[in-house]
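Okay, structure first, notes after.
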Amino acid sequence: MMKKELKALIFDVDGTLADNERDGHRVAFNRAFRDAGLDWYWDVALYDRLLEVFGGKERIRYYIESFRQDFSAPPDLDAFIRELHREKTAHYLALLKSASIPLRPGVKRLLQEAHTAGLRLAIASTTTYENVTTLLSETIGEQSVGWFDVIAAGDVVVNKKPAPDIYQYALGQLGLDASACLVFEDTEAGLASASAAGLATLITVNGATRNQDFSGAAIVLDQLGEPEQGFEVLAGEAGEASFADVAFLRRVHSEANTCAGLRNP
Ligand code: XBP
């Protein structure tokens, strides 16, 4: 098989760039519920279950249908959910702007390094577009938004992860073949989405996803790591590397393209 050169990195956002589900999105949902006069509260255990459903509007609908059969839904449920989600997004953006959601270890360093090395960068996320650009601006700086050729986010596709649509959309916008890209994800559903689009995937697990099934990933790490704070390899082969830099990514990508991912992590 001809070796494909690595040309682009495609990043998931929530859980991958930042550990922002429990202390960011969850908090914002609860503030929106409170403001709307609802007695709904998503604690960490419940939220971890709700994370099975991707997309904030989809998650609210799932909660109503599966956990709140007592709720007398308004006649226009779609509009009600849209408005609640609009409020949630405002709370989430305020949280991002109060600088309480840092990037995960190694993320800022790697994005800077990849951009300087001329790798193309893209986002493929379920979350709202503005959430992505604000996270980047608040943590790295406004200029970092321009580092990304493609920010594929939110409702730009109908079928959210684990469907492959968002990755297929990002590939189409990049104008690249899947074999020229490497994806960064933190969940089994995200891996399924990227794999179904034919993409090799590097996983960095987080507290909520550590025990998920990542067979098929190119490599599974606890984090991207820093020179002074190495990663732990949970599955796959990192060789001598102790943190993810561009050289390491090129190796992971090349090996994934020749062996089509891990068989048995
Ligand atoms: C994760 C999600 C998102 C957020 C909520 O997306 O499922 O829905 O939890 O964001 P990803 P919104 O991992 O693909 O970045 O409320 O803006 O939908």
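The values are calculated or read from the model by the stated rules, or taken from the named source; none is laboratory data. It should be emphasised that the depicted structure is a prediction, and the values quoted were computed from it without experimental measurement. Please note: Cβ atoms are built from the backbone with ideal geometry, for glycine as well, and neighbour counts cover all protein chains shown.
For the range 100-115, give me the residue count where each residue is of a type outside the set (Gly, Ala, Ser) and assigned to a loop (DSSP other than H, G, I, E, B).
Counting residues in the range 100-115 that are of a type outside the set (Gly, Ala, Ser) and assigned to a loop (DSSP other than H, G, I, E, B) gives 4.
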* To do: Please find, among SER144, SER98, the residue that is surrounded by 13 or more Cβ atoms within 10 Å (Cβ to Cβ) and among the hydroxyl-bearing types (Ser, Thr, Tyr).
  => SER144
* Single match in ASP43, ASP12 (criterion: crowded, with 20+ Cβ neighbours inside 10 Å and either at positive phi or not aromatic (Phe, Trp, Tyr) (or both)) -> ASP12
* Would you pick out the residues in the range 23-51 that are touching a residue at least 24 places away in the same chain (Cβ under 8 Å) and either under 17 Å from LYS160 (Cβ atoms) or in contact with a Gly (Cβ under 8 Å, 6 or more places away or on another chain) (or both)? -> HIS25, PHE29, LEU51
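Against the condition aliphatic (A, V, I, L, M), at pLDDT 95 or above and in contact with a helix residue (DSSP H, G or I) (Cβ under 9 Å, 6 or more places away or on another chain), how does ALA99 come out, does it pass?
It is false that ALA99 is aliphatic (A, V, I, L, M), at pLDDT 95 or above and in contact with a helix residue (DSSP H, G or I) (Cβ under 9 Å, 6 or more places away or on another chain).
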* Would you point out which residue out of GLU188, GLU130, GLU138 is farther than 21 Å from LYS7 by Cα and over 16 Å from the mean Cα position of the chain (by Cα)? => GLU138
* Just checking, which of GLU52, GLU5 is assigned to a loop (DSSP other than H, G, I, E, B) and either surrounded by 17 or more Cβ atoms within 10 Å (Cβ to Cβ) or near the ligand (Cβ under 10 Å from one of its atoms) (or both)? -> GLU52
* the range 122-136 - residue that is hydroxyl-bearing (Ser, Thr, Tyr) and near the ligand (Cβ under 8 Å from one of its atoms) and, of those, farthest from CYS181 (Cα to Cα) -> THR128
* Asked: Do you know which of the residues in the range 62-79 that are among the small types (Gly, Ala, Ser) and modelled with pLDDT under 95 is farthest from THR127 (Cα to Cα)?
  -> SER72
* Residue count, the range 29-49 (criterion: more than 13 Å from the ligand (Cβ to nearest atom) and part of a loop (DSSP other than H, G, I, E, B)) -> 7
* Asked: Of these, VAL220, VAL158, which one is within 22 Å of PHE54 (Cα to Cα), of a type in the set (A, V, I, L, M, F, W, C) and without any contact (Cβ under 8 Å) to a residue 12 or more places away in the chain?
  -> VAL158
* Please go through the range 206-227 and pick out each residue that is out of contact with any Ser or Thr (no Cβ under 9 Å at 6 or more places or on another chain) and within 16 Å of the ligand (Cβ to nearest atom). => GLY207, ARG210
* Asked: Which pairs do you get when a residue that is part of a helix (DSSP H, G or I), found in the range 73-99, comes within reach of a residue that is of a type in the set (A, V, I, L, M, F, W, C) and surrounded by fewer than 17 Cβ atoms within 10 Å (Cβ to Cβ), reach meaning Cβ atoms under 7 angstrom, with the pair 6+ apart or on two chains?
  -> LEU84/ALA36; GLU87/ALA36
* Structure fact -> Screening GLN143, GLN173 for residues that are farther than 17 Å from GLU185 by Cβ, in contact (Cβ under 8 Å) with a residue 40 or more places away in the chain and out of contact with any helix residue (DSSP H, G or I) (no Cβ under 8 Å at 6 or more places or on another chain) leaves only GLN173
* Asked: Which of the following residues is out of contact with any strand residue (DSSP E or B) (no Cβ under 9 Å at 6 or more places or on another chain), within 12 Å of the ligand (Cβ to nearest atom) and modelled with pLDDT under 95: ARG22, ARG26, ARG82, ARG59?
  -> ARG22
* Asked: Would you call ASP177 at pLDDT below 95, of a type outside the set (S, T, N, Q) and over 14 Å from the mean Cα position of the chain (by Cα)?
  -> no
